[in-house]
Amino acid sequence: MITIKTTIKEMEMKTALKGLSTRLTRPQKALKECGLVLLRSISKTFKAGGRPVRWRPSKRALSGSKGKTLIDTARLKHSITMTVNGKKLKVGTNVKYAAIHHLGGRIKKNVTVKKFWRYMDTAFGKPIPARSVLVRSHRRNMDLTMPARPFLVIQDADWRVFGRIFEEYLT
């Protein structure tokens, strides 16, 4: 006859290992916490105008208006979402122009400018009687270089927070 003896400590250890195994196969809770940390960090990046290195200011931001670089309507900033699917955390945006702003690059294409009303009160730097003029639809060659302004960046501090989240999750 074979006898198996199990002590209380071994049972506690088996229970702890089983719990750890379960948490390792289902990390959604920890990933969701990491995603929320990352969303807050990206929001701080927009507020700071780039982190750890500030973005090159846009022409609109330099013009003296109250605008900030990459924030006009804040559509890009507010479009950043996070999803947890199984063992994957995805953080990103579905805005079409996000990639050119994040990575930078050259835009070269012909565009059609729709007709619009232009208000005029100066001509050649001299004042004239104010009037509105209808500008007809026309084509314009567009050739511009966008500097990279990375906004989906994981900061060093974020990595440390992720480590603490998973440490707490697994213990």
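In segment 45-78, what residues are of a type in the set (V, I, T), under 16 Å from P150 (Cα atoms) and part of a loop (DSSP other than H, G, I, E, B)? Reasoning before the result, please.
Of all residues in segment 45-78, those of a type in the set (V, I, T) come to 45, 53, 69, 71, 73.
Narrowing the set further to residues that are under 16 Å from P150 (Cα atoms) leaves 45, 53, 69, 71.
Result: V53, T69.
What number of residues within segment 93-136 are among the β-branched types (V, I, T) and closer than 20 Å to W55 by Cβ?
In the first step, residues of segment 93-136 are kept if they are among the β-branched types (V, I, T); the result is 93, 95, 100, 107, 111-113, 122, 128, 133, 135.
Imposing the further condition that a residue be closer than 20 Å to W55 by Cβ reduces the set to 93, 95, 100, 107.
Residues flagged as among the β-branched types (V, I, T) and closer than 20 Å to W55 by Cβ within segment 93-136 amount to 4.
Each reported figure results from applying straightforward, stated rules to the coordinates on display, with no laboratory input. This structure is a prediction, so every number in the text was calculated from the model and none was measured. Cβ coordinates were reconstructed from backbone atoms using ideal geometry, including for glycine residues, and neighbour counts include every protein chain displayed.
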